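A.B. asks: The structure under discussion is supplied below as structure tokens; questions concerning it will follow.
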Amino acid sequence: MLTISITTAVFLLALGCVMSARPSIDWIGYQWFVYNDQNIAPGPNNWSSNNVWVDQDNRLHLKLSYSSTTNGWTCAELYTRKKFSFGTYRWFVEGAIDKFDPNVILGLFNYGGADYINEIDIEVAKWGATKPNAANMGFTVYPNVFNISKPIQLVKRVPSNGTYTTHQFTWTSDKVSFLVQDGFMESPDQNILYSYQTPNTFASAVPYTSAPLYMNLWLMEGRAPINGKEMEIIIHDFKYIKA
């Protein structure tokens, strides 16, 4: 018989209440819960479900909005009900990744609810850097057990020729690989802007826990965009191929 502790039961009940309280949307065959919360991480930021919507062409929109009523900014975040595991995760993103405001971050990642373990991140971000050639993308793999190994954390300059890019990570039991391509590419061999694979020495630390998938558009430390402008990113499609 399966048994769980009282602490675990309370946590699961609380998690279920939070999920049921948040609005949700259906997109590309999955149910996504949308943040509508105040002053919470990352950032911390304020989050509005009005900043997430699907248009008539089934494209997902994420927006940073400014409210003249509250004199404040709101961000966008959503996550799946489904928990994903080993496989290939592929996003088709509209938005100039080399022209982000220094305080704006786009995150594409899995997250199980515990920080610094069992997480794989793709982030378009300059982390406040204002130099024209500043690194604009980050790639992180957190180990499966806290402190079993240092996380893999890479910050790179990934220039793009336009506003369409393909972002991918492939997760197996012994490695994680990342890929960024110029344009919307179905083949992983075309228009490669950046690729990386975790080393063999990291194999025993690779995440193994299934987790929901997240996407967010947010502000570093809750700071306003330096350019003072609202921003919108469009995800044309997402594909998951189970390993």
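A.B. asks: Select, from Leu64, Leu78, the only residue that is surrounded by 22 or more Cβ atoms within 10 Å (Cβ to Cβ), hydrophobic (A, V, I, L, M, F, W, C) and in contact with a Phe, Trp or Tyr (Cβ under 6 Å, 6 or more places away or on another chain).
C.D. replies: The conditions single out Leu78.
A.B. asks: Select, from Trp32, Trp91, Trp53, Trp73, the only residue that is hydrophobic (A, V, I, L, M, F, W, C), in a strand (DSSP E or B) and farther than 22 Å from His167 by Cα.
C.D. replies: Trp73
A.B. asks: Oh, and also: Looking only at segment 157-184, count every residue that is at pLDDT 95 or above and either more than 18 Å from the chain's Cα centre (by Cα) or not in a strand (DSSP E or B) (or both) and tell me the total.
C.D. replies: Of the residues in that region, 10 qualify.
A.B. asks: May I pose another question? Quick check on my filter: what residues within segment 230-243 are surrounded by 15 or more Cβ atoms within 10 Å (Cβ to Cβ) and under 20 Å from Ser48 (Cα atoms)?
C.D. replies: Met231, Ile233, Ile234, Ile235, listed by residue number.
A.B. asks: From the residues in segment 141-151 that are among the β-branched types (Val, Ile, Thr) and surrounded by fewer than 20 Cβ atoms within 10 Å (Cβ to Cβ), which one is modelled with the highest pLDDT?
C.D. replies: Val145
A.B. asks: Can you find even one residue in segment 221-229 that is touching a helix residue (DSSP H, G or I) at 6+ places or on another chain (Cβ under 9 Å) and surrounded by 15 or more Cβ atoms within 10 Å (Cβ to Cβ)?
C.D. replies: Among the residues of segment 221-229, not one is touching a helix residue (DSSP H, G or I) at 6+ places or on another chain (Cβ under 9 Å) and surrounded by 15 or more Cβ atoms within 10 Å (Cβ to Cβ), which makes the answer no.
A.B. asks: Next up: What tally of residues in segment 94-125 results from selecting those that are among the small types (Gly, Ala, Ser), on the phi < 0 side of the Ramachandran plot and assigned to a loop (DSSP other than H, G, I, E, B)?
C.D. replies: So the answer is 3.
A.B. asks: Taking segment 56-70 on its own, how many of its residues are assigned to a loop (DSSP other than H, G, I, E, B) and closer than 23 Å to Ala96 by Cα?
C.D. replies: The number of residues fulfilling the criteria is 4.
A.B. asks: A further question on this structure: State all residues of segment 115-150 that are over 20 Å from Gln181 (Cβ atoms) and either of a type in the set (S, T, N, Q) or without any contact (Cβ under 8 Å) to a residue 24 or more places away in the chain (or both); if no residue qualifies, say none.
C.D. replies: Asp115, Asn118, Thr130, Lys131, Pro132, Asn133, Asn144, Asn147, Ser149, Lys150 - these are the residues of segment 115-150 that are over 20 Å from Gln181 (Cβ atoms) and either of a type in the set (S, T, N, Q) or without any contact (Cβ under 8 Å) to a residue 24 or more places away in the chain (or both).
A.B. asks: Okay, next question. Name, by its number, the condition in (1) under 13 Å from Trp91 (Cα atoms); (2) in contact (Cβ under 8 Å) with a residue 40 or more places away in the chain; (3) not acidic (Asp, Glu) that does not hold for Gly183.
C.D. replies: (2)
A.B. asks: For segment 199-243, how many residues are assigned to a loop (DSSP other than H, G, I, E, B), touching a Leu at 6+ places or on another chain (Cβ under 9 Å) and either free of Cβ contacts under 8 Å to residues at least 60 places away in the same chain or farther than 15 Å from Leu106 by Cα (or both)?
C.D. replies: 1
A.B. asks: Have a look at Met1, Met19 and point out the one that is modelled with pLDDT under 95 and either in contact with a strand residue (DSSP E or B) (Cβ under 6 Å, 6 or more places away or on another chain) or buried (at least 19 other Cβ atoms within 10 Å of the Cβ) (or both).
C.D. replies: Answer to the selection: Met19.
The values are calculated or read from the model by the stated rules, or taken from the named source; none is laboratory data. What you see is a predicted model, and the numbers here were worked out from it, not measured in a lab. A quick note on method: Cβ atoms are made from the backbone with ideal geometry, for glycine too, and the neighbour counts reach across all protein chains shown.
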